[in-house]
Structure formats: structure tokens, C-alpha cells
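In what follows, a single structure is set out as C-alpha cells and then discussed.
Please treat every number below as a calculation from the coordinates, not as lab data. These numbers were taken from a predicted model, which means no experiment stands behind them. Positions of Cβ are backbone-derived with ideal geometry, glycine not excepted, and every protein chain shown enters the neighbour counts.
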Amino acid sequence: MIAKFELKGVHTTIDANLQKYATHKLGGLDKYLPRAHRDAAHAVVELKQATKAKEQKKYTCDVTLHLPHETIHVAESTLNMYAAVDIVETKLKIQIKKYKDSHGGGKLSRHLTARFRRNGGLEQLAEEPETT
């Protein structure tokens, strides 16, 4: 669960079911973050209802995830608030995976380099004759 999780309702009231649903769906995204960055994560979730007369049935879910070195912002508008939360969760997973690839540390490259060295490295490549 993300330690700092704020849930706000703009032009709408958030009932207990919606609060529980959003907390469950979006609060559990910390498992996709690098372990070193989990404690510093801060999520701000805004659930909005459209104020224009034409768009009275439109709901928006805005999520801003503050992480070390980067801030991720995702927004989605649909006719159902629960659907907006689901779509935002999927988009956030993709963005967090991109963040983890760039800020996750050099663990993967260290493993690949070590495996390359153990298997002979450049000497093995130099000994193989080229076939065409």
C-alpha cells in the first residue's frame, strides 16, 4: 500500500464503496515500484464530476504520483467513475514500469555483465569463425 495516499472529491461526494475501491486499486500499485522508492511515493487521487450541463454524466479520475526524480500524472474521463479508476490503474502500471526501467538501478546490467564474464566474454567471441 502506498504510504501517502490522498483521495479527493471535486464537485462530487465520495461514498465508502468508491473510496474502498480506489484505495484498493490504486494503493496497491507500490508493488510495481522499485523497493528503494516505495517509502518516498506519494499519490494524490482526484475524482471529479463534470460541471458543464452537457457533460453532467462525465467523471474524471486524475492521479499524480510523486516519486524520487520524477512525477507521473495520469487522467481519464468516462461515464462511470469505477471504469475511470480501472483505466487509470492500467495506465499507471505502464508508466511505473517505464519508471522502474530507467530508475530501478543497475541490477540487471550487473547480472548480464557478470554472466558475460563467466562465460568467457570477448575471448569466446574472438575464437568463433565467421560463417556466411
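To make sure I understand the rule: partners must be lysines, Cα under 17 Å from the Cα of Lys91, and not fewer than 8 residues away in the same chain. Which ones qualify?
Within reach: Lys25, Lys31, Lys100.
Taking Cα atoms, how many degrees apart are the long axis of helix 16-27 and the longest axis of the chain, rounded to 10 and kept between 0 and 90?
Result, in degrees: 20.
I'd like the Karplus ³J(HN,Hα) series for the range 41-56: coefficients 6.51, -1.76, 1.60, θ = phi - 60°, whole numbers in Hz, and an x wherever there's a Gly or Pro.
6, 9, 10, 10, 10, 10, 9, 10, 10, 4, 9, 6, 5, 5, 9, 5
Can you give me the convex hull volume of the Cα atoms of the chain, divided per residue and expressed in Å³?
Per-residue hull volume (Cα only) is 158 Å³.
Cut-off 10 angstrom, C-alpha nodes, Gaussian network model of the chain. Which of Lys31, Lys93, Lys54 fluctuates the most?
The residue that fluctuates most here is Lys54.
Which angle between 0 and 90 degrees, to the nearest 10, do you get for helix 107-118 versus the longest principal axis of the chain when only C-alpha atoms count?
Rounded to the nearest ten degrees, it is 10.
Amide H of Lys58: which non-local residues (sequence gap of 5 or more, or other chain) have their own amide H closer than 5 Å, using H built in the peptide plane?
Ala50
With r as the distance between the Cβ atoms of Arg117 and His42 and R0 = 30 Å, compute the FRET efficiency 1/(1 + (r/R0)^6) and round to 0.05.
My answer for the efficiency is 0.15.
At a threshold of 8 angstrom on Cα-Cα distance, excluding pairs fewer than six apart, so keeping six or more, what relative contact order does the chain reach in percent?
About 21 percent, as a whole number.
Determine, for Phe5, Phe116, the number of other Cβ atoms within 10 Å of each Cβ, and report the residues in order from fewest to most.
Phe116, Phe5
Pick from Asn17, Asn119, Asn80: which is most flexible by mean-square fluctuation in a GNM of the chain where alpha carbon atoms under 10 Å apart are linked?
For the chain, modelled as a Gaussian network with Cα springs under 10 Å, the answer is Asn119.
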